[in-house]
Each structure stands twice: as C-alpha cells, then as structure tokens.
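To start, the structure under review is shown below, and the notes come after it.
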C-alpha cells in the first residue's frame, strides 16, 4: 500500500482548479492563461481565443499578437495527436516526449498505408524521402499553406485509404507528411491564412518562426518537465490521468513521477493522486466564480477521471468520442453547457438546479461573451449533446 502524505477532498480539488486555472480570478494575458493550464487546446482555432478570454479577458487582437507577433505561445501537435498552444519554453520538452511519440506513430502508419495502396513497395523509404523533400521546400520557399505544398509536389496528391465501413475514405498523403513534420517539430503553424475561427496555417520552418534553434530534451527529462507542469496545473491527479493526458505509457509516467519527486495523496473515492513536493499545503475555498469555457478546454479535458468536476453530466457534455463541448462552470463544477443562436447570442442551458446567484453569474458571463464575440458565431464540431438538443428543439419550434 502506498503511504500518502494527506487527503485531498473533491472540494479542495475544485478550489485548486479555480485558482490554478485562472478562473476564480483572472490572469494577466494569453501567455499566463496558457501557463495556468500548461497548454491551451488548439484543435479548433477558436478554442485558443475563447480559452484565453475566459481566463484573462484577452481580445482577439491580444491573442493574435501573442500567437503571431510575440510568438510566446506556439501551436504544436502533441499529446494524443492533438494541437495545443504551448508556452514557448515548453517546446523542447514537448518535442522530446509527446510530440516525438506522435511523429514516430505517424511515420509508421504512413509507411504501411503507402505500401498497402501501392504507392511504393518500400513505404519507409518513400516516407523518409518525402518528409525530407517537404521540409526542405518549406525551409527554402516557405511559409506555405498545405494547398501550396500539394500544388508544388504532385506526388503528394497520391491517396491512401483510411477507416472501415461507412468511415472509410481516400485521403491525399500530403496531410500525413505535413502532420508528421509538424509533430516532429521541424515545421510549425505560422500565421493563419484565414479568419481567427479557421485553420489555414502557413507552414513555416520552426527555427525561422522562433528566430533561434531549440533542441528537443532527452526523453526522460522531457517527460519529467511535462509531468511537473501538469501537476502544477492539474494536481492532484492519478497515474491514469497522466497516462491519458500525455498519451504515454505507464512506464514513462511512473519514471517521470519519480524524477520530479511526486508525492502521493489520497482522493475521495479511494484513488491515489500525486502532487509536487512543494505543493502539499491545503488550498482553501475561493470566492464564488462562474466561467464559460469553449469546446475541448483544458479544464474540461485535463483529467481522464472527471467525476469530481463533472458528476453525472458526462453524457450531456461529452460526445461519443470523448470530446467535451462548451461548458458552463460554477465553483469548480460543470453545471451546464452553452451555445450560440444564429443571431450570435450566447445562451446557457443548465444541467442541474443551482442557486439564483449562480444563475445570475452565468447569465452575466453569457452577456459578456456575446458582447466580446461582437456578432461572430463559433460553430464548434464538438458541440455538446445537450446543446445540440436545445438548438434542434428551437429549430423545430420555428
């Protein structure tokens, strides 16, 4: 049996996330918002802007300046083949751990697909040649969009088959080549060729984008840095939480927990969680707070085991693939979802009874977000099941 330092209740965990994630009180800016949760989800471009606004009140221009001018937050494909906005100084750790793992997986899959589809008899050689070719082209002629890369290299229009049954599709191999290079850290998403809600990155050589050469950390050190950052933001969390979040093996997580001298604590429900050794003091309850967080927000998605903040609402907030939709939070718990009408008005749909003060606070957040969006409508593909039901009912009624 593991000897634990102390017990951390669900109430304290909720207080911790309120403080650490910049929700109980705002943080200074977009970079501070990213640090508060280790990194911001960026699979959908709008998520970065909405998550930064929820924590700092940042404007669209503020976020764009951080991403594209200051470049202190950088989009990088990493854990679970997901795009995140990382504080710049975390990139060497990401490249040496989670991103390297994804890049290797992508290379192996692409080689098999190339052979299975008959593009080349030796998929591994074909992949390495075309990765080098595209990397060199972007370094010499970039920044380039995916469309421009495909136009310059017709060989990348070759198609491979993915999925099975009704999900089977033929896709151009170009996307796999670019995704693999992006995961490896060789290229990076530079400026966006479209509006803030769209993803049309101009692929740029990483050293050109950053203005300096940064090298990946060795794998053990890299995982230790990421685990320490995660524990600072999300601790206490379980081993299962970390394995899921990192998309890593149990062995890698256990080694990293040892390397950072993580301390075990007991959690409600009987699980063992982990904290950094300098983070063992209890965190008191905060003042009441409300927040509207976007789809795939780090606070919603940060743990695999979410009962302490999600309770019985998982099926109303998460889709079948485990993607969390836009959520309404109050005092460290998901109490509802939010969505936009066609007129861009933000509405909250509660999933449980809450005090009048909570309802009032969430309505105020909805009004503020409506004003901030200024007529823009964000149509997330990860809209929660409850929000979809509300919008469908409204459409039927009209």
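Taken together, the values in this text are just the output of simple stated rules run on the coordinates, not laboratory data. Fair warning: this is a prediction, and the values are worked out from it, not measured in the lab. Positions of Cβ are generated from backbone atoms using ideal geometry, with glycine treated the same way; all protein chains shown enter the neighbour counts.
Some values worked out for this structure:
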| read-out | value |
| --- | --- |
| Rounded Å value of the spacing that divides the Cα centres of region 153-217 and region 248-299 | 32 |
| Ranked packing of 124-132, 229-237, 67-75, most packed first, by mean Cβ within 10 Å | 229-237, 67-75, 124-132 |
| Over the chain: helical MRE at 222 nm, DSSP H runs n ≥ 4 each giving -39500 (n - 2.57), nearest 500 | -13000 deg cm²/dmol |
| Ranked by how many other beta carbons lie within 10 Å on average, peptides 78-86, 335-343 from highest | 78-86, 335-343 |
| For peptides 373-384, 184-195, 277-288, sequence by mean Cβ density within 10 Å, most packed first | 184-195, 373-384, 277-288 |
| Simple label model, 7 Å out from Cα along Cβ direction - residue 357 to residue 392, nm | 3.7 |
| Alpha-carbon centroid distance for the pair region 1-31 / region 56-114, whole angstrom | 25 |
